[in-house]
Every structure is written in structure tokens, then in C-alpha cells.
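The values are calculated or read from the model by the stated rules, or taken from the named source; none is laboratory data. Computed from a predicted model, the values in this text were never measured in an experiment. All Cβ positions, even for glycine, are placed from backbone atoms using ideal geometry, and neighbour counts span all protein chains on display.
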Amino acid sequence: MVNTTIKTTKSQEVFAAAQNLMPGGVSSPVRAFKSVGGQPIVFDRVKGAYIWDVDGNQYIDYVGTWGPAICGHAHPEVISALHEALEKGTSFGAPSVLENVLAEMVIAAVPSIEMVRFVNSGTEACMAVLRLMRAFTNREKVIKFEGCYHGHADMFLVKAGSGVATLGLPDSPGVPKSATVSTLTAPYNDLEAVKALFEQNPDQISGVILEPVVGNAGFITPDAGFLEGLRELTHEHGALLVFDEVMTGFRIAYGGAQEKFGITPDLTTMGKVIGGGLPVGAYGGRRDIMSMIAPAGPVYQAGTLSGNPLAMTAGIKTLELLQKPGSYEYLERITKRLADGLLKAAQETGHAVCGGNISAMFGLFFTSGPVHNYEDAKKSDTAKFGRFHRGMLERGVYLAPSQFEAGFTSLAHTEEDIDQTIAIARDVLSNL
Ligand code: KE4
């Protein structure tokens, strides 16, 4: 076992108290480390590629608050822009120029988006987009893929990924059958299964929603032809294609996975990066569809803090930083170095592994693979992943606390950080 050099007394005290105050001691289930064992560390502060916990231990961070910290945590330019915005108030509940600015940036960046609506989370964006799909097509059913996660709204908690998969929950109590009866599922990368669902449900399916690169069942990439096939099938059946780019948006490329793979969905959901660490979600797409959203049209969706000036400011500054020439080449280079290094270290220490990266998103499964879908992902040795996670944590590397999550790098990660991470991984893996 790797020497457990870090002291986590304060983390343990704080987390013990938290468990009396909040269910599981956390504000979101995956943070509780349930599937990797041990106790979570309690953060004190973050900066760039690093975390410091309440005991003063420092970690190289590959979660990046689950995606938003793509420019590095607490980027000085984001912080100073927020200080300036703070002086003018934290929330207006009224139109502001900043919403126009971020909307123009999103529309300019994402090929398929002609209009956008801001909300406060990815869950809200996915909830709203499903209502819009149903209203536009006047059809109730929707196809999602096993292991994909589109937030915690009732109708998506069917064979969902992320924390649902992590905790091995058979979907969730409290979700009425009526909410999920119209949610159809297929294995990721299985066009034949999608074709069959369309044939079995003629003229009843409003659309297909998916993670164009999966990050919530571990890191799973689309097979060649899969996304193109979905685009053809949805066109053929008068259904909509929706890319849930809450995780991939502005991470896989500045224009998201749809730019990377050259596919034009009808609607897109976003979150994480576009809030730069503050609560922002968004959905957008074809003008003829988005014009159905109230008050322009009859489809209702609302939110007190939607488009608030602080969140808009953090999002604007983050996208400005990402626009700097070379950003995505850098992210691809360091993340590929990391993924290749981790895979090589694992193979050379005798472990069955597979995985890889696309731009600043990566993943590693403890199975020889290949992993094309959630069933394949579940063949991973999750107990070994738990030991690996703990070993890395005790040596100062913070990975997502679940086999069914993806890893994230940032512009703040240096080659030294990457090489140090690989060296630590080699040591942990050889003692696993
Ligand atoms: P939020 O409601 O958590 O902002 O977004 C939901 C969501 C929607 N779609 C995709 C593709 C997502 O990845 C997410 C949220 N991602 C998880 C991490 N896998 C958030 C972390 C958490 O639940 O604590």
C-alpha cells in the first residue's frame, strides 16, 4: 500500500459534522466518495490546477469542479472581472447587457445555436429542452442512452449515469412511472437499437438526446458513424437531435463536440464552462424551435437568477480566455500526454486498462475493453479503481471519485504537473 503521508484530521472533523446537517454530508452525491471508499477531503481553497484541503494538503486537480475550471481555478482575470461586477450588484432579475454579450459569444461559437436561453444548471437546461422537444414535435417520447446523464429531472432518471451509476441506484424512488414511461433507452453506439425504437414507436418520438462524448459512464467516445447515423435517423423520422453538451461544450472544442465531429444538432444544452464556476446552464438551437419559448412562444420556462450579472461575467471572461490562440492545442497536448502516460504506466505494471482523451476530457477504465457503452464500462474493476483513487489522493492527486465519471484538465496544468501525476500513478499502480 502506498504510504499514507497526508493528515486529514480536519477534513474528517468537518465531514463528520456535515453528515449531521446534510444528507450524506454533501450537496451532491458523487462528492461523498461512496464508490471509492474512504472519506472525501474538505476543500479550503483552489487556484490554477491545485486544491488545498482544510488540513493544508495540496493536490493536483483533475475534476476542476466537474468541468467549469477549464482555465484553471480562480483565474485572476475572472476574479477581477467578478470584483468589478460585484460593485454593481449580484442579481438584477431584469435584462442586462451582460446577457446579450454572453448570448452573442455562445451563438458565435456553437454552429447550431441561433438563439439561446440561460438557466442556472445543466439539469434545468435539459428539463427545458425536453419540454421544448415535445412541444415542437407534438410527440411525447424521447430516446436517451444507458449511462448518459442529463441532470436529475424525473424523466431522465432512467438508466442514468454519473452519481446514479456510481451509487448503483436502480433509478430513483420518488420518480413516478408516469414521468418515465415515455423515456426510451438504447445502448450507446447502437444505431440498430435506435432504429428499432423508431420503428416500434412510429411518429411518437420527439427526439434523441445524448452526450456526444460520454463523461457520465466513464469516458466513452462515439464510434465512427454513430453521430452521423443519429442525425440521419432523426431527420428520417421527423424527430429532433439534441446534444447535451453540458460537459463537452467549450471543452471538446470551442464549438463543442458538434464542431469537433461536424454534426449539426437541432438543440444543444450547455453548462459548467459557460458559467466559469458560477451557476449557469443554457439551451439553444434553431430559431424556429427556440421561438416557442415564453414569452416569445407558449412553452413556459423561468428562473429568478437566470442570466444574473455575476454568472454572466464569469462566463464571458472564461470564454474570452478560451478564445486565446493555441488554447485547445495546448489542452489536447497535455491531456493526451496524461492519458497516454497513465495507460502506459498501468499496462507496464500489469493492469488491464483502456481509455484515452479528446481535448481536455479523459478517462481510464480498469478493463481491457474496448468500452463502447455502459454495459462494457460496468465490466471494469471498480474496486481496483477505488484503490487507485485512494492511492492517488494520498499522494496528492485528486481524481473524480468514481469509475463512472470523466477527468478534466485545464489551461493551468503544466507538463510538470502531468509528468508528476504519471510518476505517482506508476508508483500507486505498482502497489495496487
Ligand atoms: P447540473 O445540473 O449538475 O449542472 O448538470 C447536469 C448535467 C447534465 N448533463 C451532463 C452531460 C452532465 O455531465 C451534467 C452534470 N455532470 C455531473 C458530473 N458528471 C455533475 C456533478 C454532480 O452531479 O455533482
Show the residue pairs that are 6+ apart or on different chains and have beta-carbon atoms under 9 Å apart, the first residue being within the range 218-232 and free of Cβ contacts under 8 Å to residues at least 60 places away in the same chain and under 16 Å from residue 193 (Cα atoms), the second being among the aromatic types (Phe, Trp, Tyr) and crowded, with 17+ Cβ neighbours inside 10 Å. 222/188; 222/261; 226/188; 227/243; 227/261; 228/261
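Conditions tested, residue by residue: (1) within 23 Å of residue 391 (Cα to Cα); (2) within 16 Å of the ligand (Cβ to nearest atom); (3) hydrophobic (A, V, I, L, M, F, W, C).
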residue: 27; (1), (2), (3): no, yes, no
residue: 44; (1), (2), (3): yes, no, no
residue: 53; (1), (2), (3): yes, no, no
residue: 64; (1), (2), (3): yes, yes, no
residue: 79; (1), (2), (3): no, no, yes
Return the pairs, sorted by first residue and then second, in which the second residue is near the ligand (Cβ under 9 Å from one of its atoms) and among the β-branched types (Val, Ile, Thr), the first residue lies in the range 147-169 and is over 23 Å from residue 120 (Cβ atoms) and touching a residue at least 40 places away in the same chain (Cβ under 8 Å), the beta carbons are less than 9 Å apart, and the residues are 6+ apart or on different chains. 147/214; 166/30; 167/30
Residue check: is residue 402 in contact (Cβ under 8 Å) with a residue 24 or more places away in the chain and more than 16 Å from the ligand (Cβ to nearest atom)? no
Expected output for the range 270-281 (first residue within 8 Å of the ligand (Cβ to nearest atom), partner modelled with pLDDT of 95 or more and assigned to a strand (DSSP E or B), Cβ below 8 Å, 6+ apart or cross-chain) is 271/249; 271/281; 271/282; 272/249; 281/118; 281/119; 281/269; 281/270
Search the range 124-161 for residues being assigned to a helix (DSSP H, G or I) and among the aromatic types (Phe, Trp, Tyr), and hand back the single one that is farthest from the ligand (Cβ to nearest atom). 136
Pick from the range 5-27 the residues that are touching a helix residue (DSSP H, G or I) at 6+ places or on another chain (Cβ under 7 Å) and part of a loop (DSSP other than H, G, I, E, B): which of them is modelled with the lowest pLDDT? 5
Picking from 51, 60, which residue would you name as being in contact (Cβ under 8 Å) with a residue 60 or more places away in the chain, among the aliphatic types (A, V, I, L, M) and out of contact with any helix residue (DSSP H, G or I) (no Cβ under 9 Å at 6 or more places or on another chain)? 51
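Being modelled with pLDDT of 95 or more and part of a loop (DSSP other than H, G, I, E, B) narrows it down to one of 289, 209, 263, 274, so name that one.
Checking each option against the conditions leaves just 263.
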Of 310, 305, 338, which residue is of a type in the set (A, V, I, L, M), touching a Ser or Thr at 6+ places or on another chain (Cβ under 7 Å), in contact (Cβ under 8 Å) with a residue 12 or more places away in the chain and in a loop (DSSP other than H, G, I, E, B)? 305
Is it fair to say residue 410 is among the hydroxyl-bearing types (Ser, Thr, Tyr) and more than 26 Å from residue 167 (Cβ to Cβ)? yes
What's the total number of residues in the range 214-246 that are outside any helix (DSSP H, G or I), under 19 Å from residue 285 (Cα atoms), within 16 Å of the ligand (Cβ to nearest atom) and of a type outside the set (D, E, K, R)? 4
Please state which one of 352, 346 is hydrophobic (A, V, I, L, M, F, W, C) and in a loop (DSSP other than H, G, I, E, B). 352
Could you list, in sequence order, the residues of the range 107-123 that are near the ligand (Cβ under 10 Å from one of its atoms) and surrounded by fewer than 24 Cβ atoms within 10 Å (Cβ to Cβ)? 120, 121, 123
Select from the range 312-348 the residues that are farther than 17 Å from residue 255 by Cβ and of a type in the set (D, E, K, R) and write down the one among them that is surrounded by the most Cβ atoms within 10 Å (Cβ to Cβ). 317
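Sort out which residues of the range 64-123 are part of a helix (DSSP H, G or I), among the hydrophobic types (A, V, I, L, M, F, W, C) and at positive phi, and write them in order of number.
Once the filter is applied, which keeps residues that are part of a helix (DSSP H, G or I), among the hydrophobic types (A, V, I, L, M, F, W, C) and at positive phi, the range 64-123 yields only 66.
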Which pairs do you get when a residue that is farther than 21 Å from residue 333 by Cβ, found in the range 245-263, comes within reach of a residue that is part of a loop (DSSP other than H, G, I, E, B) and within 14 Å of the ligand (Cβ to nearest atom), reach meaning Cβ atoms under 7 angstrom, with the pair 6+ apart or on two chains? 245/212; 246/271; 258/212; 258/265
Of the residues that make up the range 387-397, is at least one more than 15 Å from residue 33 (Cα to Cα), within 16 Å of the ligand (Cβ to nearest atom) and assigned to a helix (DSSP H, G or I)? no
Given (1) more than 17 Å from residue 131 (Cβ to Cβ); (2) in contact with a Lys or Arg (Cβ under 8 Å, 6 or more places away or on another chain); (3) in contact (Cβ under 8 Å) with a residue 24 or more places away in the chain, index of the condition residue 238 fails: (2)
